[in-house]
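The values are calculated or read from the model by the stated rules, or taken from the named source; none is laboratory data. Being a predicted model, the structure only gives us computed values, none of them experimental. Every residue, glycine as well, gets a Cβ built from its backbone with ideal geometry; the counts of neighbours run over all protein chains shown.
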């Protein structure tokens, strides 16, 4: 055997998650209320940003129209091509709107915007149904979802899970690999350190010390023995505190924001207005601050560029201008992505908007992703916590995605349609002679809907409809 040293070249591709791209992704998945808070926080922290004044009070041209702020010479401005990023996804036909015009119909009433938070089980089951997974994995996954506690932890050991799910340990582990990528991050963890480590895996830029802290020093942190931990990790106290700050942003109980019966009122993110057989999409910007670049700081930046020295002031303003411009573009990109996603949903679910819920067709995230040339994860983010108002009510964007069933002719049917038909059958039954799950399956079979008794039972439970013994009257 002969040992030798040699040089070789290797080309690889990787995605660079710049701060600007991370911000765009973060803003995309925020709800309307969270977005409002995020914009206000950015405007407080960045003096270059100010709220755009009303059109009737604005000058003929704004400072942002007159000036184009070039990115800084540092890496922040060169790592990512924002123009290319925006142009690759914005598409055509975008129409920004400030909510629903008065002459286009009435706004939704307060009562119609009432909602209740979705349970953790419902949230996970929805993701399982639209995920591109094998049927066997989905079957085991549904069982594992039912084994979670209210905090989102999987406390049962593998032997118990094997007995509960009637499968082997390998099938359990295969399903868990997929399920642990579901929202909320950290779900299906065994314990707190495992939960935090799962969330760290999904962070775009975790602190180098974060994993070691979670694995070996959580108890010390609880006792605030920061100096001792810093000594053991051979790092500075400031570096440790930076890691601890990132650790504090993680959620120790992923399931706690679910399973609440507290009502809340939603404001639609987008309106779909029907005009005959055509539809118009209008984004709802009402109530959201519209940040813009301050003319004062633009003028100051121009003056400083003509002055020798004072590099610190020039670099400070240039950095803030770049951050402000990135925020404005990220917000614009968010609205364009919501618009395009709604446009795609409208194409797939046109019959729903024309005829009603019984005409909702099967649809998965991949269908819309391929239609728009985006990744499934982007569609998942944009449909989370976003609401659509149309003449049939207010719906979460996720409502328009559902799994499919086959009828006797081999045609695809939406699971939502089957559930609606099941509810209708039970509402119309004779309360003195209620229908069993098998009897309902037989009725659906006569309507060319191929469905098993256990599937009827599952859908009935999801609809929170009692079994036959509890529905039947006692007289």
Filtering strands (runs of 3 or more DSSP E) wholly in region 365-434 for at least 1 residues that are more than 19 Å from the chain's Cα centre (by Cα) and at pLDDT 85 or above gives 387-390, 393-396
Counting only residues in region 154-163 that are in contact with a helix residue (DSSP H, G or I) (Cβ under 8 Å, 6 or more places away or on another chain) and part of a loop (DSSP other than H, G, I, E, B), the one modelled with the lowest pLDDT is identified as 156
When region 1-50 is checked residue by residue, the ones that are over 20 Å from the mean Cα position of the chain (by Cα) and at pLDDT 85 or above are 40, 41, 42, 43, 44, 45, 46, 47, 48, 49, 50
Residue 349 fails exactly one of (1) farther than 17 Å from residue 413 by Cα; (2) touching a helix residue (DSSP H, G or I) at 6+ places or on another chain (Cβ under 6 Å), namely (1)
Test residue 120 against the stated conditions and say whether it is modelled with pLDDT of 55 or more and in contact with a helix residue (DSSP H, G or I) (Cβ under 7 Å, 6 or more places away or on another chain).
-> no
Taking region 122-137 and keeping residues outside any loop (DSSP other than H, G, I, E, B) and buried (at least 17 other Cβ atoms within 10 Å of the Cβ) leaves 123, 124, 125, 126, 127, 128, 129, 130, 137
Counting only strands (runs of 3 or more DSSP E) entirely within region 268-312, those with at least 2 residues that are farther than 24 Å from residue 396 by Cβ and modelled with pLDDT of 85 or more are 291-293
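Per-residue answers, yes or no, for (1) surrounded by fewer than 18 Cβ atoms within 10 Å (Cβ to Cβ); (2) touching a strand residue (DSSP E or B) at 6+ places or on another chain (Cβ under 8 Å); (3) within 30 Å of residue 24 (Cβ to Cβ):
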{"residue": "150", "(1), (2), (3)": "yes, no, no"}
{"residue": "163", "(1), (2), (3)": "yes, no, no"}
{"residue": "182", "(1), (2), (3)": "no, no, yes"}
{"residue": "195", "(1), (2), (3)": "no, yes, yes"}
{"residue": "201", "(1), (2), (3)": "yes, no, yes"}
From the option list 183, 151, single residue qualifying as farther than 26 Å from residue 403 by Cα, part of a loop (DSSP other than H, G, I, E, B) and at pLDDT below 90 is 151
Review point. Regarding residue 361, is this residue part of a helix (DSSP H, G or I) and touching a helix residue (DSSP H, G or I) at 6+ places or on another chain (Cβ under 9 Å)?
Key: no
